[in-house]
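S.K.: Shown below is the structure under consideration.
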Amino acid sequence: MFPKNFLWGGAFAANQVEGAYDEDGKGLSTADIFPRGDRKSGGVFKRNYEQIIEASKDKDASLYPKRRGIDFYHRYKDDIALFAQMGFKALRFSFSWSRIFPNGDEEKPNEKGIAFYKDLIGELKKHDITPIITLSHFEMPLHLVLEYNGWTDRKMIGFFLRYAKTMVDVFHDDIKYWITFNEIDATLHIPLIGAGLIEEKTDDLEQSKYQALHHQFVASSLFTEYVHKNYPGLMVGCMSTKNLKYPATCKPEDCMQWLKETQMDCACTDVQVFGEYPYVFKKMWEEKGITLDISKEDEVILKENTVDFVSFSYYASLVTSAEGSKKEKTSANLLVGEKNPYLKQTPWGWQIDPVGLRFSLNQMYDRYKLPMFVAENGMGTIDVLDHETVNDDYRIDYLRSHIQEMGKAIEDGVPVFGYTYWGCIDCISASTSEMSKRYGFIYVDQDDEGKGTLKRYPKKSFYWYKKAIASNGKDLY
Ligand code: BGP
């Protein structure tokens, strides 16, 4: 049921694996100022101005787990060799913007940063692994936050384009698939991580979030225009968080609430596929008293430069209802919603729903009629190293059921061209900066405090996924 050249692989982000946060000319990024949260207290998504300044002066890297990652910066050759051993066809990863433009508003790039990614991509080519790049994955040069308050400033469009054009001019022969922003909707949920926005530096937070998001849409479209004009054949995709929800009951009011939330969930992808704002956004701005700075020229740019494929992250699903407030809650990625009594949860409360992946693929293709790519799907949980491996049958069960449902979506008629399992190697969690929330096929010997040998140990799922890829998704037992 999977196409012959289906891109099986894995995904991670520079800020969660590379480490080397201040090496070879790299500037501080927003990821470098976040301390660790934990499963009980939850993720750390907000920092105020004072905390950011304090962290930016703090040389004690141990307090900021994303400064060390899993030392991929120095170990990428061996790690890529392990991915090749699994038979990866693709690796979805990101460039670290502040490795290329340390402050973000310089004229010239940092050549050492470019050289690192040339070596990395050369290593992938050696193993015939297709790179799928995200240009901005939950990080940006910290200077752009402190100097411009991130994407609230229209100048960011120029800074981003300088960075993005630099990278596609260098790598257009090596990289076909380009994603501009990871989960671009994050700007609305976690604006500091999604758009470098310091809340207390804005007069009207809602206005600033939507204005920042608008600047990101324009920047993404201008990059798309540049690629389509200069490098025909390359593909630019959008990427959002798939926050799948189900109505709590068949009560019409619950279904109406579900429809409203589903429309909002699709709104960012609507802009990047249809090239215009959906009425749910305009209604939201009216209700919030927001008037955005959207020029006629912006509207033409959005309309004429839409994406070539749609990608999203899918981990879990939630439930919604008209009277949601009284219901028991749980989380799924960036959102909190009602529990589903039919689903099991991970230790972090994310509800495991493989049918939801089939549902999401059908719903998204139904709406957009563009090639689909599952950029993230995975299970973060507690793994125990046992005789140099991990018996992660639970992860195999998660993968098997999600791959089976993805196969059903393809049989339904949805053109899915790739699947990059999130966290193909244990890495620093985006939300809590923990190591103990492990996703990988490969165990990394490092604990939440950064202690450990950093040695890599293939888990049971490593060998299972190798068989699944070799059989093109047929041999899942
Ligand atoms: C998504 C991010 C990824 C990844 C994933 C898992 O929102 O795009 O960066 O981290 O979530 O989240 P976490 O690492 O918090 O478990």
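S.K.: Can you name every residue in region 399-413 that is surrounded by 24 or more Cβ atoms within 10 Å (Cβ to Cβ) and within 16 Å of the ligand (Cβ to nearest atom)?
M.R.: His402
S.K.: Which of the residues spanning region 116-155 are within 16 Å of the ligand (Cβ to nearest atom), over 19 Å from Tyr210 (Cα atoms) and of a type in the set (A, V, I, L, M)?
M.R.: Listed by number, the residues that qualify are Ile132, Ile133, Leu135.
S.K.: Looking only at residues in region 1-17 that are in a loop (DSSP other than H, G, I, E, B) and away from the ligand (no atom under 13 Å from the Cβ), which one is farthest from Ser56 (Cα to Cα)?
M.R.: Among those residues, the one meeting the criterion is Met1.
S.K.: Kindly indicate which of Ala20, Ala31, Ala61 is in contact with a Phe, Trp or Tyr (Cβ under 8 Å, 6 or more places away or on another chain), touching a residue at least 40 places away in the same chain (Cβ under 8 Å) and crowded, with 22+ Cβ neighbours inside 10 Å.
M.R.: Ala31 is the lone residue from the list that is in contact with a Phe, Trp or Tyr (Cβ under 8 Å, 6 or more places away or on another chain), touching a residue at least 40 places away in the same chain (Cβ under 8 Å) and crowded, with 22+ Cβ neighbours inside 10 Å.
S.K.: What about Gly37, is it within 12 Å of the ligand (Cβ to nearest atom) and either of a type in the set (D, E, K, R) or surrounded by fewer than 16 Cβ atoms within 10 Å (Cβ to Cβ) (or both)?
M.R.: Considered against the rule, which asks whether it is within 12 Å of the ligand (Cβ to nearest atom) and either of a type in the set (D, E, K, R) or surrounded by fewer than 16 Cβ atoms within 10 Å (Cβ to Cβ) (or both), Gly37 comes out as no.
S.K.: Would you check if Val416 is under 24 Å from the mean Cα position of the chain (by Cα), more than 16 Å from the ligand (Cβ to nearest atom), of a type in the set (Val, Ile, Thr) and at pLDDT 95 or above?
M.R.: Answer is yes for this residue.
S.K.: Applying the selection to region 176-195, what residues are closer than 30 Å to Thr130 by Cα, within 16 Å of the ligand (Cβ to nearest atom) and outside any strand (DSSP E or B)?
M.R.: Asn182, Glu183, Ile184, Asp185, Ala186, Thr187, Ile193, Gly194, Ala195
S.K.: Please return the ranges of helices (runs of 4 or more DSSP H) entirely within region 36-148 where 2 or more residues are within 28 Å of Ile175 (Cβ to Cβ).
M.R.: 72-86, 97-100, 111-126, 142-148
S.K.: Among the residues of region 148-162, is any among the small types (Gly, Ala, Ser), buried (at least 20 other Cβ atoms within 10 Å of the Cβ) and on the phi < 0 side of the Ramachandran plot?
M.R.: no
S.K.: While we're on this one: Before we move on, is Gly237 free of Cβ contacts under 8 Å to residues at least 60 places away in the same chain, buried (at least 21 other Cβ atoms within 10 Å of the Cβ) and under 21 Å from Met167 (Cβ atoms)?
M.R.: For Gly237, the condition - free of Cβ contacts under 8 Å to residues at least 60 places away in the same chain, buried (at least 21 other Cβ atoms within 10 Å of the Cβ) and under 21 Å from Met167 (Cβ atoms) - is not met.
S.K.: For region 326-347, which residues satisfy the criterion of being part of a strand (DSSP E or B), in contact (Cβ under 8 Å) with a residue 60 or more places away in the chain, within 14 Å of the ligand (Cβ to nearest atom) and not hydrophobic (A, V, I, L, M, F, W, C)?
M.R.: The one that is part of a strand (DSSP E or B), in contact (Cβ under 8 Å) with a residue 60 or more places away in the chain, within 14 Å of the ligand (Cβ to nearest atom) and not hydrophobic (A, V, I, L, M, F, W, C): Ser331.
S.K.: Can you tell me which of (1) within 16 Å of the ligand (Cβ to nearest atom); (2) among the aliphatic types (A, V, I, L, M); (3) within 26 Å of Met1 (Cβ to Cβ) is the one Ile428 doesn't meet?
M.R.: Of the numbered conditions (1) within 16 Å of the ligand (Cβ to nearest atom); (2) among the aliphatic types (A, V, I, L, M); (3) within 26 Å of Met1 (Cβ to Cβ), the odd one out for Ile428 is (3).
S.K.: Exactly one condition in (1) away from the ligand (no atom under 11 Å from the Cβ); (2) within 21 Å of Ile179 (Cα to Cα) is not met by Trp422; state its number.
M.R.: (1)
S.K.: Which residue pairs have Cβ atoms closer than 6 Å, lie 6 or more positions apart in sequence or on different chains, and pair a first residue in region 114-138 that is surrounded by 14 or more Cβ atoms within 10 Å (Cβ to Cβ) with a second residue that is in a helix (DSSP H, G or I) and among the basic types (Lys, Arg)?
M.R.: What qualifies is Glu123/Lys77.
S.K.: Can you tell me which residue among Val384, Val390 is within 22 Å of Phe72 (Cβ to Cβ) and over 21 Å from the mean Cα position of the chain (by Cα)?
M.R.: Val390
S.K.: Continuing with the same structure: Considering only residues of region 431-441 that are more than 9 Å from the ligand (Cβ to nearest atom) and either under 13 Å from Asp38 (Cβ atoms) or surrounded by fewer than 24 Cβ atoms within 10 Å (Cβ to Cβ) (or both), which is nearest to the chain's Cα centre (by Cα)? Reasoning before the result, please.
M.R.: Filtering region 431-441 down to residues more than 9 Å from the ligand (Cβ to nearest atom) leaves 435-436, 438, 440-441.
Cutting the leftovers down to either under 13 Å from Asp38 (Cβ atoms) or surrounded by fewer than 24 Cβ atoms within 10 Å (Cβ to Cβ) (or both) gives us 435-436.
Working: Met435: 17, Ser436: 19 Å.
Among residues in region 431-441 that are more than 9 Å from the ligand (Cβ to nearest atom) and either under 13 Å from Asp38 (Cβ atoms) or surrounded by fewer than 24 Cβ atoms within 10 Å (Cβ to Cβ) (or both), the one nearest to the chain's Cα centre (by Cα) is Met435.
S.K.: Only residues that are over 20 Å from Met364 (Cβ atoms) and among the β-branched types (Val, Ile, Thr): list them for region 286-329, please.
M.R.: Within region 286-329, Ile290, Thr291, Ile294, Val300, Ile301 meet the criteria.
S.K.: Going through region 348-380 one residue at a time, which ones are away from the ligand (no atom under 16 Å from the Cβ), crowded, with 19+ Cβ neighbours inside 10 Å and closer than 22 Å to Asp397 by Cα?
M.R.: Pro354, Arg358, Leu361
S.K.: While we're on this one: Taking the condition in contact (Cβ under 8 Å) with a residue 12 or more places away in the chain, more than 14 Å from the ligand (Cβ to nearest atom) and surrounded by fewer than 22 Cβ atoms within 10 Å (Cβ to Cβ), does Ile396 pass? Before you say what the answer is, go through the steps one by one.
M.R.: Working: in contact (Cβ under 8 Å) with a residue 12 or more places away in the chain: yes; more than 14 Å from the ligand (Cβ to nearest atom): yes; surrounded by fewer than 22 Cβ atoms within 10 Å (Cβ to Cβ): yes.
Yes; evaluated as a whole, the condition is true for this residue.
The values are calculated or read from the model by the stated rules, or taken from the named source; none is laboratory data. Keep in mind that this is a model prediction, so the values were computed, not measured. Glycine gets a Cβ as well: all are built from the backbone with ideal geometry, and neighbour counts include every protein chain shown.
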